[in-house]
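The values are calculated or read from the model by the stated rules, or taken from the named source; none is laboratory data. Since the model is a prediction, treat every value here as computed from it, not as a measurement. Cβ placement follows ideal geometry from the backbone for every residue including glycine, while neighbour counts extend to all protein chains displayed.
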């Protein structure tokens, strides 16, 4: 028997419904570069859900999407503000700097950006008379859930939006795992409400049931002109765009996107409750599909024989922080098996 | 009945063998970013075929691949030489310039670069005493077949390679449609021989039977360090890398890559002979899967009711240049149907 | 005795009036980065002369100025149109591409851009349905006088401006040698009229009497915000900005700028008439301070013993094209000496 | 009477010897772009002093110099390590990111980089198995003196150099105020010894007696090819290069460079001792030409009527941190006047 898989949410292919549709449409001849009927249908379904009329583009991966969007929003001398634990800071190999832009770091609070920190930064920025000599802050990047699995409340999003309005900053959300935020039992903001906070955001597909694909939603009209050419210039335009269209069209049919989120959260909650019962302490109190616990080093060594999890860091001399991730592909049964193993260690 | 489809070679999904394998492996859990067993197997198969030990990377699309490779090879102040009809000149929305590099254009000869032109350019470059004030030529880009469907002979490749050696230039081939070059009845160079001319080249998958994907083959050792990080920085690293691995592994199993090439060429030759018999004049004498004919404007209008082809340009007041493309997906039967329609116009 | 110097217009230091002012102000303590009184005064003098209220910045050199202005005007996926003989095409080592922008080349007519070519290019650009896949043309670059010493007429500038308005293109002029255009006896446009054609242009100082320095005049309001920070980001902001301020303040005091132009043109006309009398054929009929003649190879060899001129290219097997440049520093007497030498060769 | 000037070291023009030489050579005709005899002589003098045979280039300003050198040393996916208080972090408007490079920040210790921090960072970097997904550290940037006026000891430079060697990192020093480091009474490293620690460094002229100009010294052979073209591509090549050559030639004649350093340090020491006697507490114990004291807010307000100094930040509710800078242009007499004023406040 293979090991239990809790390593990440991109270890399998795609949801069976998505695969089925790719099979059905495989030999159809369609026009390229996202002009096909599946892409159009997928865009319409997302806009219908949000009750808006946004420009929507389907890109391939998260780093690429952040790079393209940030590059489109900013002029070279402008920077993007984010917390120091953000994906764009540490794990994109300088993709934002490649486009010429500085990432301006603020401290994270369990992975989240604080509107107070943001306000303070902006006040101090303009207080310094030499501010024209510095990179001009022009947008705010967050992800929801964050890299630490934590969630923004409606109030927190409102507060950041207000600071953005105060200083004329664009507000952008990396939604690589957005399905798992929306499905969280702690979440207090609907998809429709969520969208309205942002100038742009993306709906992650890679980690939420697709082979690959991220849907960029451009809400602010000023960002729309030239986006297609920007995508092309970054080499991010898929020739057979319908592969993305078919996938997203399926994802937004019969609530598949939300079902995928629910499965991961249901499994994560089984684990979360189980960890508590077994006396494992959480490193961060995450309400989404990434859970972080502190484990005795010896137990961790044994656990590795049975399950694949992510090493997250040293806690102290005797303990390690590890991460478990659930997804659309996780089975409830495997969660109970994992808890049994943790019990026996 | 739908129209006959000769628009391009990326209008359908993927070859049935590739799709089958994607289905079979879909629910397997594998490690990400190209470290999975399918990716490793695919790389081995390509290297075995070439009897070499190259670094191989699977990227997603052609523009992205050209951008990443050129950006890796060149320092900012260095430029890439190509013919004026090249894909990187006109159809990549400035992807090369986005990386900071100038494309130095030489005139094309039916889409091909002439080694004599190249030599002359280099001689004149260094003759001008102000050459350090100019972009330094450091690599040569060609595609085979070219944008015009034409083919380089072994002798022509040798000649360019020699000029590259003379001036210390890297030599790179865009192989978006390489399968159709290798399968051409006019081709005089084997896959193994072909590879040896280049410091780097890519084996196109998107236009040759895959959903998407291009295999970069790095032959020159000096290009290898840092390539993975460069790919990541460009946002070109697929999380579920095994989607590329599975596809290329299938493509290089049981000669599928070569069968795909053969089908397109067989169909193209049926068309080419048919055009001749019917008295249609070819605009360019192409021996691969893109055919260009001159057609009376009225006939072209009628043809559009029955078939999808590409408008290529005005020939004269009464005639138009159009392009027919065959592929792995083209049926012989459709070629004969097309010829019948052309006969009846 | 040293050789007669007709090599270029940047071989000496600066005009004596400028040097005098630098001496007088040397030990004054002023604020940095262009906030000093001399810089403010220089800006006011230029605006007063143009009867406008432009944003004006003093940069250091021509390539830097073109790079900063083009980078400020364009988004990365947008390109600048210029003739193939332009300075930004061949002699700036890829400075424009360094900022991510493609230079879109049109053929030159004695160094000049034709409004008809421009219109035709734009018509064809939007006719091609795949235009969003290409670099978007967004600005037009010219220099006046051109690299070939030729001059735009008022009518030609009007015609280009109209095409720019038709297609929403910014119009920018590189005025490295503008003083010599305005002073030309063939010039039909005043400084004030000239300015009104452009969204931005620069008044060259390096080749027109200063140690170094180019004054960017931003006329279009949309280009103004963020220009200071763009200059800083390019490393083009001089700490002791007053060195530029003092120089330009002097240049626009007592008509020095126009006197400098007049001296060069007077000298150039002496040469031009002399060449004609002596039977030397001009390669290009230039009305400014650069003159191009065709000379017998043997005579050219002898000439080199007496004068420094620029080799411009091969005319035919027996003849060479050479360039003579006059400037603010050229003495009439030296022109007559040169003509005598040419007579005696 | 004007206010006493202690604002910075770039408030006046240039040292009288430099100005004199610019006057004497003004009407000479020389070749451009740094090929003139004064530039060659200046390079020779620096190399003679260092007893080395380096490639030396004269650029115009500090930000430009850092940008060009870092851009030349790094590939796009590589980053530069520096302390968080470095000039390249906060005061260059993103000039390093403009070239595509991330600045990797480590904490400062009174403005200095610790070799222990550096070693720890590198160990952890390679420990993380996902390091190829991150910007690759490839060079270390320091300035000496630092932004806080502090000085590296010989031992500290040796330690950093050793870590650089261990991890194959280039080591680069921003020497904007190097003259004031070398002249410091606390300095324990000679100019010749200093140079040997680095792959490249620059000798600042702008803040040390010139109108402008920084001399880049390239010691590592691998950095030399293509440097000229890189300078040109950045728009950093002065047409009348001799203006830089004449200035640096004078600066390295008759020990002027060292005399300039000595004057600033002598004046700074007068102030430093005076502050102590008067009971002013230093915010940082700086041994060079920048001094930072803590001053009562009311006294600071009064001081502003008599002297220009730099506001550095809030110390606490009642006190402010201010900076005094001495230079080649500071008079001893003014230092005593300042101390008298501070006494009377």
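Values computed for the structure shown
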quantity	calculated
Verdict on residue A:174 being assigned by TED's automatic domain parsing to the domain that holds residue A:202, within 19 Å of residue A:102 (Cβ to Cβ) and at pLDDT below 95	no
Members of segment B:210-235 found to be at the interface with chain A (Cβ under 7 Å from one of its Cβ atoms) and either in a helix (DSSP H, G or I) or closer than 21 Å to residue B:38 by Cα (or both), listed by number	B:211, B:212, B:229, B:232, B:233
Residue ranges of helices (runs of 4 or more DSSP H) in segment A:238-345 with at least 3 members touching a helix residue (DSSP H, G or I) at 6+ places or on another chain (Cβ under 6 Å) and surrounded by 14 or more Cβ atoms within 10 Å (Cβ to Cβ)	A:242-251, A:256-278, A:332-344
Candidates D:74, D:22, D:40 - the one that is modelled with pLDDT of 95 or more and under 17 Å from residue D:201 (Cβ atoms)	D:74
Residues being in contact (Cβ under 8 Å) with a residue 12 or more places away in the chain and under 28 Å from residue D:203 (Cα atoms) - total across segment D:117-161	27
Residue check, residue A:18 away from chain B (no Cβ under 14 Å) and crowded, with 18+ Cβ neighbours inside 10 Å	no
Meets criteria (out of contact with any helix residue (DSSP H, G or I) (no Cβ under 7 Å at 6 or more places or on another chain), modelled with pLDDT under 95 and in the same structural domain as residue A:80 (by TED's automatic domain parsing)) for residue A:190	no
Residue within segment D:120-132 that is assigned to a helix (DSSP H, G or I), modelled with pLDDT of 95 or more, more than 8 Å from every other protein chain (Cβ to nearest Cβ) and buried (at least 21 other Cβ atoms within 10 Å of the Cβ) present	no
Odd one out for residue A:146, checked against (1) within 14 Å of another protein chain (Cβ to nearest Cβ); (2) surrounded by 23 or more Cβ atoms within 10 Å (Cβ to Cβ)	(1)
Condition check for residue B:84: surrounded by fewer than 19 Cβ atoms within 10 Å (Cβ to Cβ) and within 28 Å of residue C:133 (Cβ to Cβ)	yes
Residue satisfying all of: in segment D:264-298; in contact with a strand residue (DSSP E or B) (Cβ under 9 Å, 6 or more places away or on another chain) and more than 30 Å from residue D:188 (Cα to Cα); nearest to the other protein chains (Cβ to nearest Cβ) among these	D:297
Failed criterion for residue D:33 (all others in (1) closer than 22 Å to residue A:103 by Cα; (2) in contact (Cβ under 8 Å) with a residue 12 or more places away in the chain; (3) within 12 Å of another protein chain (Cβ to nearest Cβ) hold)	(1)
Total residues in segment B:4-14, condition part of a loop (DSSP other than H, G, I, E, B), facing another protein chain (nearest Cβ under 9 Å) and within 23 Å of residue B:293 (Cα to Cα)	4
Options C:106, C:59; residue that is over 30 Å from residue D:210 (Cβ atoms), in contact with a helix residue (DSSP H, G or I) (Cβ under 8 Å, 6 or more places away or on another chain) and either facing chain D (nearest Cβ under 9 Å) or surrounded by fewer than 22 Cβ atoms within 10 Å (Cβ to Cβ) (or both)	C:106
Selection count where residues are within 19 Å of residue B:86 (Cα to Cα) and outside any loop (DSSP other than H, G, I, E, B), scope segment B:147-158	2
Members of segment A:62-88 that are touching a strand residue (DSSP E or B) at 6+ places or on another chain (Cβ under 7 Å) and within 14 Å of chain B (Cβ to nearest Cβ)	A:62, A:65, A:66, A:68, A:69, A:70, A:87, A:88
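Each row is one residue, and each column tells you yes or no for (1) without any contact (Cβ under 8 Å) to a residue 40 or more places away in the chain; (2) surrounded by fewer than 21 Cβ atoms within 10 Å (Cβ to Cβ); (3) closer than 30 Å to residue B:19 by Cα.
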{"residue": "B:167", "(1), (2), (3)": "no, yes, no"}
{"residue": "B:170", "(1), (2), (3)": "no, no, no"}
{"residue": "B:187", "(1), (2), (3)": "no, no, yes"}
{"residue": "B:202", "(1), (2), (3)": "no, no, yes"}
{"residue": "B:210", "(1), (2), (3)": "no, no, yes"}
{"residue": "B:216", "(1), (2), (3)": "no, no, yes"}
{"residue": "B:222", "(1), (2), (3)": "yes, yes, no"}
{"residue": "B:229", "(1), (2), (3)": "yes, no, yes"}
{"residue": "B:235", "(1), (2), (3)": "yes, no, yes"}
